[in-house]
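This report concerns only the one structure given below.
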Amino acid sequence: MNQLLDDETIIARLRSALDELTAPDDFATPGDELPMRPQHTMTPARWMAVAAATVLVIGAVAAVAVNRSNRSDVASTPTTVPSTTPATTVNPTESTLVRVETKWFTIISPDLVAGERTIEQCCRDSLPGPLLTMAWSSGDTFLTLTEYPAGPVTDVFPDANSTVREAATATLLFHSFGLTADERDALAAQVVAGSGLPYVLPMEGWGLTAMGQTAGNGRLVQMYTPLNTDPLSSYLPTVTMSAGEYRGELDLLGLWPDGQPVTVGGYDGWKVSAGDGAVTVFWDTGDGNWATLRIDAQLADRTDGLIAAVVEVDPTAPTVDTVPIPDPGVAEPGIEGVWLPPFTDGDDAAVGATPPTVRANLGGQPITIDPNEGAHLVVVVAHWCTHCQSTIPAMIDAMASDQFPDDLTVTVVATAEAEGEANFPSSDWLANLGWTGRTLITRGGAGEAGQIAQAYGASGYPFAVLIGDNGTVVARRIGEGIDFEALVALL
Amino acid sequence: METGTLGVHAGVTAISTSTTDFDEFYRSHRADAVRWATALVGSPEIGEELAQDSLAAVGRRLSTLDNPAAYLRRTVVNRAASWHRWHIRAVRREARVAAGQPTTYTQATGEMLAALASLPYKQRAAVSLRYWADWTDDQIAEALECAPSSVRVLLHRGLAALKKEIAE
């Protein structure tokens with residue numbers, strides 16, 4: 001189609017599209033009353049039954065405080081609704097702020113930074129999420145039920161691992177763990193509508209394990225991100241802790257039948273690997289709530305360590321900055337392979353040579369400069385080096401240019417760090433210059449050459465080594481005026 | 001006013017702020033917050049929710065914030081990012097279901113929204129907030145918690161990806 005779109009054209013189309021997307025009059029007028037949030041389809045009578053039954057069967061289920069929050073009373077104190085009373089009737093013209101009462105956990109890991117604790121509401125608006133989940137167990141086997149509005153289930157794909165039953169007022173989706181499909185079908189056929197509970201499974205040996213509504217109530221959520229992340233990567237691996245209402249976690253055992261029992265924070269739970277490589281760990285917190293720990297695929301190899309790092313904490317404790325941000329530390333590098341010859345004027349003998357592989361573990365974050373893993377630009381600087389002050393900003397500007405390859409990995413080696421010298425420590429110095437990307441910091445002394453610098457043949461600072469896709473040195477440059485755009489153009 | 005502390009209810013973040021101050025802030029920032037959030041998630045309904053939650057978060061801390069507007073920007077961007085992470089599967093499912101179905105948008109808008117939806121979140125946020133919402137690089141950097149130079153990289157890559165998506 002159109003191969004010649006320029007920046008101005010694409011920006012104009014972007015503006016037009018977002019103008020159209022955000023055009024509704026609903027929010028065009030500042031100062032309107034808080035808008036209505038959609039109401040759920042469950043009847044009040046059903047939820048009264050759910051609330052009462054939850055107390056009877058499970059014990060203390062998440063107490064939900066619904067706080068009216070229009071403009072005139074947003075400052076009011078939240079009102080906790082005892083779970084033994086019918087839910088507060090919410091005026092459908094007002095929005096709600098939902099509060100969650102639950103046990104809470106934190107991850108003690110020096111290289112993960114905790115974000116703000118927030119409340120995650122579920123499955124509202126255009127997201128057709130499940131409304132009610134129940135789980136029964138008999139020994140190590142489970143049967144779970146998810147109730148959807150009557151009609152086709154649109155947000156899941158029933159398959160060989162599930163059983164669907166169409167009821168008069170709802171569609172019921174069953175999953176199981178430890179059962180054959182026939183056994184699941186037979187049990188699902190026994191589930192009937194209850195009086196004290198939404199549904200009951202009147203089978204000897206089977207008891208209700210968990211129940212929750214997955215729309216309306218909230219869960220506390222806190223996301224952790226690695227301390228050292230690549231700011232140029234659009235993918236930020238995360239670990240997410242949540243706790244609150246049961247949302248069908250046991251379904252995961254049926255959907256991903258590699259579940260393994262684990263102990264998390266003193267509670268029995270399971271860990272399950274999803275198809276995308278992520279790991280979900282969940283456990284019953286014993287107070288009617290459930291907690292989950294979702295670990296992105298990139299961090300999945302640390303699952304067992306992260307599980308061990310989960311501890312229960314006082315939910316009234318401050319949640320921001322409770323995990324100390326450690327000193328980024330200094331790497332003790334491992335250097336493998338033949339070191340490059342020292343850089344000198346004239347023809348560079350290192351061009352075409354294979355540079356060494358540098359490995360370091362910085363604050364728990366492994367960083368490797370491996371010539372066999374694609375093109376690399378290694379920039380060696382020192383915080384006390386006056387000629388290095390303009391190098392980092394020049395490099396950052398070059399990275400933003402059209403000339404800079406997207407797949408070129410850039411690592412700054414802040415070497416010869418020396419306390420007492422100008423701009424110490426290196427981490428602060430680089431951050432002040434705008435660099436928060438891949439960084440190796442090594443100790444030494446002012447005027448000394450660090451090991452990594454020597455391995456690349458640096459004869460002074462700043463110093464840059466460009467390694468090509470074939471794993472050999474393309475060029476090396478030295479001095480304050482390194483032209484990074486011209487350098488990477490050699491690739 | 002307390003901020004970020006938890007009241008007598010376990011796990012409950014108490015709300016205690018000046019209604020008058022919050023009223024004024026709410027009136028002057030609500031429309032922008034909803035627009036930003038809508039652009040970041042691609043849905044007016046979800047955008048409304050995220051904006052309301054973000055405004056409520058500002059309200060809880062209003063008297064202790066030096067720059068509530070900046071805090072609001074950051075909160076909207078962060079909550080939209082969180083929403084993307086939590087609902088990416090649902091988004092993809094809906095995209096598959098909606099593929100080929102008529103929409104209420106013009107074809108050009110539909111193409112661009114689909115292209116935006118294909119971008120990694122940070123690129124989407126950068127190009128939307130810079131070229132449509134007219135945020136500065138510094139404001140985007142603060143919201144995305146990265147260096148301004150990184151924002152320029154995101155913009156460059158985001159525009160390039162949009163061109164590629166639209167051209168295909």
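Computed from the coordinates by the stated procedures, all read-outs in this text should not be read as laboratory data. A quick note: this is a predicted structure, and the numbers were derived from the prediction, not measured. All Cβ positions, glycine included, derive from the backbone under ideal geometry; neighbour counts span all protein chains shown.
Charge dipole (Cα centre; +1 on Lys/Arg Cβ, -1 on Asp/Glu Cβ; no other charges) of region A:369-435 amounts to roughly 180 debye. Counting only lysines at least 8 places from B:Lys163 when in the same chain, those with an alpha carbon closer than 25 Å to its own are B:Lys122. Peptide packing: for A:254-265, A:280-291, the average count of neighbouring Cβ atoms within 10 Å per residue gives the ranking A:280-291, A:254-265, highest mean first. Inter-chain Cβ neighbour count for B:106-115, averaged per residue, equals 4 (cutoff 10 Å, partner chain atoms only). Sequentially through region A:238-245, phi angles give Karplus couplings (6.51, -1.76, 1.60; θ = phi - 60°) of 9, 10, 10, 9, 8, 8, x, 4 Hz, Gly and Pro residues having no value and appearing as x.
Here the 3J(HN,Hα) profile of region B:46-51, calculated from phi with Karplus coefficients 6.51, -1.76 and 1.60 at θ = phi - 60°, is 5, x, 4, 4, 5, 5 Hz, Gly and Pro shown as x.
Fewest-first ordering of B:Arg60, A:Arg302 by other beta carbons within 10 Å of each residue's beta carbon gives A:Arg302, B:Arg60.
Per residue of peptide B:118-127, the mean number of Cβ atoms on other chains within 10 Å of the residue Cβ is 2. Annotation: peptides B:119-130, B:152-163, ranked by per-residue average of other Cβ atoms within 10 Å with the highest first, follow the order B:119-130, B:152-163.
Electrostatic tally near A:Gly178: other residues with Cβ closer than 14 Å to its Cβ, Lys and Arg +1, Asp and Glu -1, net -4.
When peptides A:369-377, A:342-350 are ranked by their average number of other Cβ atoms within 10 Å per residue, the highest-first order is A:369-377, A:342-350.
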